[in-house]
Amino acid sequence: MNLFIVMFKEIVDNLRDRQTVFYALLFGPVLLPLLLGGSMVASFKQLSIDFDQITRLSVVNADKAPQLIEFLYSNNVDVDPAPRNVQSSVRYGDTLVVLEIKDDFASALRAGEPAPLTLHMNNADKDSSKAARRITTLLRVYEQTINALRLQHRGIDPLTFDSLNIIQNDVSSDGANGQLLASILPFLFIMSMVMGGFYLAIDTTAGERERQSLEPLLSLPLSRTAVVFGKYGATLCFVTLSGLLTALSIYTLFKLFPVELMGGQIRFDGKTLTRAFLLASPLLLFISALLITVSAITRSTKEAQTYLGLLMVIPMAPFFLLQFLNVRSTTMSMPIPMLSQYQLLESTVLGDTIPWLHIALSAAGTLIATAVLLFLASHLYRRERLLH
Amino acid sequence: MIIARQLRKSFKPASRLSGKGKRAKRIVAVDDVSFDAADGSITGLLGPNGAGKSTTLRMLATLVSPEHGHAIIDGFDVQHDVLEVRQHLGFMPHNAGIYPRLTSRENIHYYARLCGLDNRQSQQRVGELIEQLSMSDFADRRTAGFSQGQKTKVALARALVHQPQTIMLDEPTNGLDVMATRGLRDIIRTLAANGHCIVFSSHIMQEVAALCDHIAIISNGVIAMEDTLQGILQRTAQTDLEDAFVVATRSLQDNALDTNRS
């Protein structure tokens with residue numbers, strides 16, 4: 001009962017604190033996904049080419065190759081006349097790419113020789129190289145058509161020159177492109193959970209000591225365990241709220257962007273995010289316990305911020321670890337809090353099947369760690385030194 | 001009612017100050033404190049800064065446990081019947097320690113709920129206290145930016161919320177202006193007249209002389225003298241509490257020197 005009174009008071013108290021509310025409701029759930037997820041989605045969008053979209057291409061000597069122009073036109077490329085100074089126009093980004101048809105193009109084609117074409121592009125410019133890739137791909141298709149015609153003209157089966165038939169069979173259920181994006185999800189989840197409870201945990205423990213409101217509180221007829229668990233409960237509420245809002249904002253973010261373009265089959269639909277949230281839910285308990293315990297050791301809010309700031313490395317560590325070293329999901333890694341959730345969430349987004357044993361081990365390991373931390377926190381609150 | 005007998009408490013010094021490797025000597029905050037505080041009267045714990053007043057009150061408030069000696073509050077032992085002691089004791093530490101983002105009413109209400117009052121009882125009790133301590137002007141304002149007098153009133157209301165028989169106030173007049181101090185004195189007198197046992201710590205002589213029925217002089221963690229104001233003046237043959245205080249603490253030092261020599 002007292003536990004809930006403490007918890008309710010801490011929630012009301014901290015909802016009035018702008019800093020706490022900003023980090024719990026805006027920073028983790030809105031700003032982080034926008035900054036990280038948004039920029040990533042945008043870069044994927046930049047790399048992928050939409051062949052159905054109509055684009056314009058500047059061509060020098062367009063009248064020298066009417067059939068090629070006709071082919072480009074039927075492939076959604078409209079032809080513009082070329083700028084006067086082709087080189088500098090492309091270099092300074094006024095034109096993305098320029099296709100130059102040489103004067104002897106038509107005669108070479110007729111003679112059955114390689115017909116000269118120059119594609120002016122700026123490889124340092126992402127948009128220019130993207131446009132160049134699109135045009136090159138189209139030109140290759142055109143080239144193959146002409147090759148086939150030339151061979152047939154000489155009575156040779158065009159398939160003679162296709163000596164190899166290479167089929168790429170990617171057995172991972174994801175596309176390689178999606179890997180990085182998939183690892184973003186657990187990072188966002190865990191980071192915003194930590195940020196969600198960060199300031200509340202500091203305010204209710206170290207802050208209470210600093211304000212010297214702890215001494216009268218502890219002289220009231222209630223057990224110190226109720227005090228600790230009340231504060232823990234309040235932190236848990238904020239951490240959970242932050243986690244839920246993050247799931248919601250990731251869902252919205254990826255609704256707005258076409259995920260199919262990123263290749264592979266990563267999913268950010270409602271069902272996947274619900275599963276991800278459930279798999280991460282033992283972490284809510286763990287992170288809250290970690291925040292409360294660490295800030296209970298410290299004497300002032302400043303000290304607590306320093307310690308917890310260093311602690312921020314922990315949620316980030318698995319992210320970088322998994323980026324650079326390919327730590328595989330194994331039965332050994334599953335009982336480790338944070339690391340296991342990273343792996344489970346990544347697998348969820350990639351649509352891999354997760355063994356029940358892994359889920360159970362991950363939850364059990366995290367809950368045991370939580371219990372140890374909470375035991376430590378209530379021990380810290382029984383110390384007399386708490387008041388000095 | 002408070003009965004304290006031979007209380008002693010020492011602390012480990014801050015680790016940075018102690019020499020490396022050597023076992024640090026413990027700092028004795030309270031060495032030997034015995035005094036009585038009766039119901040219906042105001043007992044002053046008078047002593048300079050660092051004399052051990054706060055530590056003594058903390059031991060009585062069950063916040064730290066004494067190494068030696070014992071204390072009984074309203075028939076309950078501070079070491080064994082912790083929750084009963086807290087139920088009978090209203091403690092106001094020397095900093096108000098109120099929550100700045102809550103209003104006065106919410107601050108008091110929180111403590112009322114924690115002391116076991118239900119929502120309705122609590123609202124009623126908070127209303128009574130706001131009236132009793134004339135706080136209605138700032139009852140529903142957040143306490144950030146309150147004057148020291150207003151903060152003290154909120155903290156006092158919080159300490160009184162569960163209608164404790166015994167009330168301990170640690171330097172309550174610190175930082176109060178004349179009018180606020182007078183107001184607080186009136187409140188304390190009324191509480192004593194209603195039969196409460198009041199313990200009041202201070203380092204200000206006039207304060208204690210003006211208010212207290214019974215005075216315990218504390219110095220270097222030891223009670224130097226304990227009597228009524230008249231009794232202390234007679235025993236030290238002085239006319240003024242300040243002079244009496246000097247004489248009482250000096251005789252204590254002399255005694256200590258004598259025991260060291262022998």
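Taken together, the values in this text are just the output of simple stated rules run on the coordinates, not laboratory data. This one's a predicted model, so the numbers in the text were calculated from it and none came from an experiment. So basically every Cβ, Gly included, is an ideal-geometry build from the backbone, and we count neighbours across all protein chains shown.
For A:R91 and A:L31, calculate 0.36 nm times their separation in residues minus their Cα-Cα distance, and state this gained length in nm to one decimal.
Length gained, A:R91 through A:L31: 18.0 nm.
How many nm separate the modelled label positions at A:S107 and A:R224, each set 7 Å beyond the Cα in the direction of the Cβ?
About 9.9 nm, to one decimal.
Near B:D31, within a Cβ-to-Cβ distance under 12 Å, what is the net charge of the other residues, with Lys and Arg +1 and Asp and Glu -1?
Working: positive: B:R8, B:K9, B:R26; negative: B:D32, B:E67.
Its environment carries a net charge of +1.
Rounded to the nearest 5, what % of the DSSP beta bridges within the protein assembly as shown are antiparallel ones?
For the protein assembly as shown, the DSSP antiparallel bridge percentage is about 45.
How many partner chain Cβ atoms sit within 10 Å of a residue's Cβ in peptide A:217-229, on average, as a whole number? All intermediate terms of the calculation are to be shown ahead of the outcome.
On the way: counts 6, 6, 15, 16, 14, 5, 2, 0, 0, 1, 1, 0, 0.
Mean inter-chain Cβ contacts per residue within 10 Å come to 5.
Can you tell me the 0 to 90 degree angle between the C-alpha axis of helix A:313-324 and the longest principal axis of chain A, rounded to 10?
Around 30 degrees separate the two axes.
For every other residue with a beta carbon closer than 13 angstrom to the beta carbon of A:D203, add +1 if it is Lys or Arg and -1 if Asp or Glu, then tell me the sum.
Details: positive: A:K9, A:R16, A:R18, A:R209, A:R211, A:K231, A:K302, B:R101; negative: A:E10, A:D13, A:D17, A:E208, A:E210.
Local charge sum for A:D203: +3.
Quick one: B:M1, A:M121, B:M179, fewest Cβ neighbours within 10 Å first, how do they rank?
Going from least to most buried by this count: B:M179, B:M1, A:M121.
Quote the charge dipole size of region B:107-262 about the Cα centre in Debye, to the nearest 20; the model charges only the Cβ of Lys and Arg (+1) and of Asp and Glu (-1).
600 debye
With an 8 Å cut-off on Cα pairs and a minimum separation of 6 or more residues, tell me the relative contact order of chain B in percent.
Here the relative contact order equals 26 percent.
For chain A, with a Gaussian network of springs between Cα atoms less than 10 Å apart, report the residue from A:I166, A:I354, A:I146 with the top mean-square fluctuation.
Comparing A:I166, A:I354, A:I146 in the GNM, the peak value goes to A:I166.
Among B:Q165, B:Q150, B:I204, flag the residue with its Cα farthest along the positive direction of the charge dipole of region B:134-227, charges on Cβ as +1 for Lys/Arg and -1 for Asp/Glu.
It is B:Q150.
Under a 5 Å amide H to amide H cut-off, with H placed in plane at 1.01 Å, what residues pair with B:H68 once short-range neighbours are removed?
Counting only residues 5 or more places away or on other chains, the set is B:R8.
Grab the Cα-Cα distance for A:L376 and A:R211, subtract it from 0.36 nm times how many residues apart they are, and report the gain in nm with one decimal.
Between A:L376 and A:R211, full extension yields an extra 57.1 nm.
Mind counting lysine pairs for me in chain B? Cα separation below 19 Å, and the two need to be 8 or more apart along the chain or on different chains.
Going through chain B pair by pair, I get 6.
Note down the relative contact order for region A:55-161 as a percent, whole number, built from C-alpha pairs under 8 angstrom at least six residues apart. Let's see the in-between values first.
Details: 127 pairs, mean separation 24.7, N = 107.
Normalised by residue count, the contact order of region A:55-161 is 23 percent.
Show me, for region A:193-198, the HN-Hα J-couplings you get by feeding each phi into the Karplus relation (A = 6.51, B = -1.76, C = 1.60, θ = phi - 60°), rounded to Hz, glycine and proline as x.
Once θ is set to phi - 60°, the couplings for region A:193-198 become 4, 4, 5, x, x, 3 Hz.
Taking 35 Å as R0, compute the FRET efficiency from the Cβ-Cβ separation of A:K271 and A:L325 and round it to 0.05. Each step should come with its number before you reach the end.
Working: r = 31 Å, r/R0 = 0.87.
Between A:K271 and A:L325 the formula returns 0.70.
Let me make sure I get this right: for region A:55-161, a, b and c are the square roots of the gyration tensor eigenvalues over alpha carbons, sorted descending. Under 1.5 in a/c it's rounded, otherwise prolate if a/b > b/c, else oblate. Which is it?
It is prolate, given that a/c is not under 1.5 and a/b is the larger ratio.
Counting other Cβ atoms within 10 Å, which trypsin sites (Lys or Arg not before Pro) in region A:1-102 have at most 16 and lie in a DSSP loop? Each step should come with its number before you reach the end.
Working: sites: A:K9, A:R16, A:R18, A:K45, A:R56, A:K64, A:R84, A:R91, A:K102; in loops: A:R16, A:R84, A:K102.
Within region A:1-102, the qualifying trypsin sites (Lys or Arg not before Pro) (loop, at most 16 other Cβ atoms within 10 Å) are A:R16, A:R84, A:K102.
Taking chain A as the reference, fit the longest principal axis to its C-alpha atoms, fit the long axis of helix A:339-350 to the helix C-alpha atoms, and give the angle between the two in degrees, 0 to 90, nearest 10.
Once rounded, one gets 40 degrees.
I need A:D157, A:D17 ordered by Cβ neighbour count within 10 Å, fewest first.
A:D157, A:D17
Need one number: nm distance between label points at A:F161 and A:T306, each 7 Å from Cα along Cα→Cβ, rounded to one decimal.
Rounded to a tenth, the inter-label distance reads 7.2 nm.
Give, in nm to one decimal, the length gained when the segment between A:I146 and A:K126 is fully stretched (0.36 nm per residue of separation minus the Cα-Cα distance).
Taking A:I146 through A:K126 to full extension adds about 4.2 nm, to one decimal.
Per the helix-only calculation at 222 nm, which mean residue ellipticity applies to the protein assembly as shown, given -39500 (n - 2.57) for every DSSP H run of n ≥ 4 and division by its residues, nearest 500 deg cm²/dmol?
-17000 deg cm²/dmol
Working from the pairwise distances between different alpha carbons, so that the mean of 1/r is found and then inverted, what is chain A's Kirkwood radius in Å? It would help to have the intermediate numbers written out before the result.
Details: mean 1/r = 0.0396 Å⁻¹.
Hydrodynamic radius (Kirkwood, Cα only) of chain A equals 25.2 Å.
What percent does the relative contact order of chain A come to when contacts are Cα pairs within less than 8 Å and at least six residues apart?
21 percent
Magnitude of the Cβ-charge dipole of the protein assembly as shown, K/R +1 and D/E -1, about the Cα centre, nearest 20 debye?
About 880 debye.
With a/c under 1.5 counting as rounded, go ahead and sort region A:90-231 into rounded, prolate or oblate using the C-alpha gyration tensor (a ≥ b ≥ c being the square roots of the eigenvalues; past the cut-off, prolate if a/b is larger than b/c, else oblate).
It is oblate, given that a/c is not under 1.5 and a/b is not larger than b/c.
Can you pull out the chymotrypsin sites (Phe, Trp or Tyr not before Pro) in region A:43-135 whose DSSP state is coil and whose Cβ has at most 12 other Cβ atoms within 10 Å?
A:F51, A:Y92
Once amide H atoms are built 1.01 Å from N in the peptide plane, which residues 5 or more positions from B:S219, or in another chain, come under 5 Å H to H?
B:A224
For the pair A:N76 and A:A360, what calculated FRET efficiency results from E = 1/(1 + (r/R0)^6), where r is the Cβ-Cβ distance and R0 = 51 Å, to the nearest 0.05?
That pair, A:A360 with A:N76, gives E of 0.45.
Can you compute the FRET efficiency between B:N119 and B:F11 using 1/(1 + (r/R0)^6), with r the Cβ-Cβ distance and R0 = 56 Å? Round to the nearest 0.05.
E between B:N119 and B:F11, to the nearest 0.05, is 0.85.
To the nearest 10 degrees, how steep is helix B:241-261 against the longest Cα principal axis of chain B, on a 0 to 90 scale?
On a 0 to 90 degree scale, this one is about 40.
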